[in-house]
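The values are calculated or read from the model by the stated rules, or taken from the named source; none is laboratory data. Just so you know, these numbers come straight off a predicted model, no measurement behind them. Positions of Cβ are generated from backbone atoms using ideal geometry, with glycine treated the same way; all protein chains shown enter the neighbour counts. Remember, those area values only see protein heavy atoms, side chains included, never the ligands or the DNA or RNA. Shrake-Rupley method; radii C 1.70, N 1.55, O 1.52, S 1.80 Å.
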Amino acid sequence: MAYSMVDVSGMSGVSLNELSQYAETGLLNPAFGGLDEDTYYEKQELLRLQQILFCKEVGMEENEIGSMLRDNPQDVIRIMQQHRIEILEKALRLHGLIQTLDKTISHLQGEQELDEHELYIGFVNKGRHQLLNEASSNHAVNNDMNQVQTEDVQRSDIQSSHSSALSDNQELKSKEDYLDSQAKIDLVHLDLQQAIEDGLEPGSAKVQRIIGRHLEWIKGYYTPTAEIYRDLANLYVEHRDFRKMYDGYHPRLAEFLRDGMMIKAEQDLS
């Protein structure tokens, strides 16, 4: 079935001007032009538009999106899977912000005490920690920060005197960054699969080292509290898409990872 530009704009929320711009730049070409001089889109173009919107949602620039969508379809699928994980994790971070807001309201109403460190749960990410640590050490913050290498992704953040706080999506990631990140988490899952087959327990030292790599991978996107890390662990078991992914490795992996994460949250994040 073919849809006019007006139809596509209505169901996607993308303005007519944006669709026209996508066509001009070649990011999204209509399927064909009709006799009525309107342009029409079919399912393939609608799927591409969805991918464009997902990419923009996680902070990718249009020039990055165009090159990514020209690549191997399997690479696109893996990147879209990464988008799914990031969006779910962002939802958990927002859940943490809501809890902080609720606690603050309760504190201001005189209903409960609030520890100082609880004031910022959900706000603090690795980039902000770095700036705070530099300030507390009386080191000058350069206008252009050095590139920071984490365990799972290589990211850079340019800090100028006119810049505000880091964006929700933190630093932009290229296609190579996404694939490298996915490769690292794939290896974590494979190592956990092997641990299950070897009869190890989630609390064993070896498994906890693997879970530690998972935690570091998560920290590449945001810094979780113990509660949020536990929520994520439960999400892995309860969410259909996560469950399907983990079952592809081992039928017990979702629960095994959850149990290991619960222990890690108690030991390292509480």
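Side notes on the structure shown:
- Residue check for Phe54: aromatic (Phe, Trp, Tyr) and farther than 30 Å from Ile85 by Cβ: no
- Search result, residues across the range 230-261 that are under 13 Å from Pro202 (Cβ atoms) and either at pLDDT below 85 or of a type in the set (Asp, Glu) (or both): Glu255, Asp259
- From the list Leu28, Leu35, Leu16, the one residue that fits, being modelled with pLDDT under 90 and either closer than 16 Å to Lys56 by Cβ or of a type outside the set (Asp, Glu) (or both), is Leu35.
- Within the range 225-261, the set of residues being in contact (Cβ under 8 Å) with a residue 60 or more places away in the chain, under 14 Å from Ile211 (Cα atoms) and in contact with a Pro (Cβ under 9 Å, 6 or more places away or on another chain) comprises Leu232, Phe256, Leu257, Gly260.
- All conditions but one from (1) of a type outside the set (A, V, I, L, M, F, W, C); (2) open to solvent by less than 60 Å² (accessible area, probe 1.4 Å); (3) over 26 Å from Gln81 (Cβ atoms) apply to Asn17; the one that does not is (2).
- Enumeration of residues in the range 178-199 that are more than 21 Å from Lys219 (Cβ to Cβ) and open to solvent by 50 Å² or more (accessible area, probe 1.4 Å): Gln194, Glu197, Asp198, Gly199
- Within the range 220-250, the residues that satisfy the criterion of being basic (Lys, Arg) and touching a helix residue (DSSP H, G or I) at 6+ places or on another chain (Cβ under 6 Å) are Arg230, Arg243.
- Qualifying positions in the range 32-65 - assigned to a loop (DSSP other than H, G, I, E, B) and open to solvent by 40 Å² or more (accessible area, probe 1.4 Å): Leu35, Asp36, Glu37, Asp38, Glu42, Glu61
- All told, Tyr221 meets the bar of being hydroxyl-bearing (Ser, Thr, Tyr) and open to solvent by 10 Å² or more (accessible area, probe 1.4 Å).
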